[in-house]
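What follows is a short report on a single structure.
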Amino acid sequence: MIKPLPKIIDLSEIEPNTRRGGDLRAMLTPTTVGATSGFMGVALIRPGDRIGEHYHPYSEEFVYVLCGQLEVDLDGEPHPLRPEQGLMIPINMRHRFRNVGNVEARLVFHLGPLAPKPALGHVDTEETAQPLAAVAEPAGREQVRS
């Protein structure tokens, strides 16, 4: 059996993904390093920006805040999330991150186990092209797409 080699990936090697708000960079994935149990990345969120509400039907998500002042909605309930705090988001829990501070927020995320196909791993529950004012109210007060 061939032992996989460790691989170092630099943040600058990963193209920004801004389709769901923020700048999501999946760094250690099946594609980039041959991961088989999950994947890890970094989210960069500018002041006033957010990552749209979504859930993961196959994976738990582990989050660690490096810097910035965030608010996370978990099944519609807002919670403050500060640097040096970790969060475990269970499978199927709707969640959204908002930068409520005045500096860029950075968080590390890990999801596992992997979904059977990448397209099945993430389900959006809101449009991310809408103005930020539309997501300023707590999630329970806005209309959510099924």
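The values are calculated or read from the model by the stated rules, or taken from the named source; none is laboratory data. Computed from a predicted model, the values in this text were never measured in an experiment. Note: ideal-geometry Cβ built from the backbone for every residue, glycine included; neighbour counts use all protein chains shown. These area figures cover heavy atoms from the full protein model, side chains too; ligands, DNA and RNA do not enter into them. Shrake-Rupley method; radii C 1.70, N 1.55, O 1.52, S 1.80 Å.
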**OP:** Amide H neighbours of residue 27 under 5 Å, at least 5 residues apart or on other chains, H built in the peptide plane: list them.
**Re:** 40, 41, 42
Original post:
At what distance in nm do the modelled label points of residue 19 and residue 60 sit from each other, each positioned 7 Å from its Cα along Cα→Cβ?
Top reply: 2.7
**OP:** Give a residue-ordered list of calculated ³J(HN,Hα) values for the stretch 11-27 (Karplus: 6.51 cos²θ - 1.76 cosθ + 1.60, θ = phi - 60°; whole Hz; x for Gly, Pro).
**Re:** 3, 5, 7, 9, 5, x, 10, 10, 4, 10, x, x, 10, 9, 10, 7, 8
**OP:** Roll a 1.4 Å probe over the protein chains and send me the accessible area per residue for the chain in Å².
**Re:** 59
Subject >> Calculated [θ] (222 nm, deg cm²/dmol) that DSSP helices of n ≥ 4 give over the chain, each run adding -39,500 (n - 2.57) >> reply: -500 deg cm²/dmol
**OP:** Measure out, as a whole number of angstrom, how far apart the alpha-carbon centroids of the stretch 1-71 and the stretch 73-115 sit.
**Re:** 12
**OP:** Evaluate E = 1/(1 + (r/R0)^6) for residue 117 and residue 93, where r is the Cβ-Cβ distance and R0 equals 22 Å; express this FRET efficiency to the nearest 0.05.
**Re:** 0.60
Subject >> Quotient of Cα Rg and 2.2 N^0.38 Å for the chain, N being how many residues it contains >> reply: 1.05
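Ranking request for peptides 40-46, 84-90: highest mean number of other beta-carbon atoms within 10 Å first, then the rest in descending order.
Numbers: 40-46: 19.4, 84-90: 13.4.
Put in order of decreasing packing, that is 40-46, 84-90.
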Subject >> Residues in the stretch 40-60 that a label on residue 32 would reach, taking backbone N under 17 Å of a point 7 Å out along Cα→Cβ >> reply: 40-45
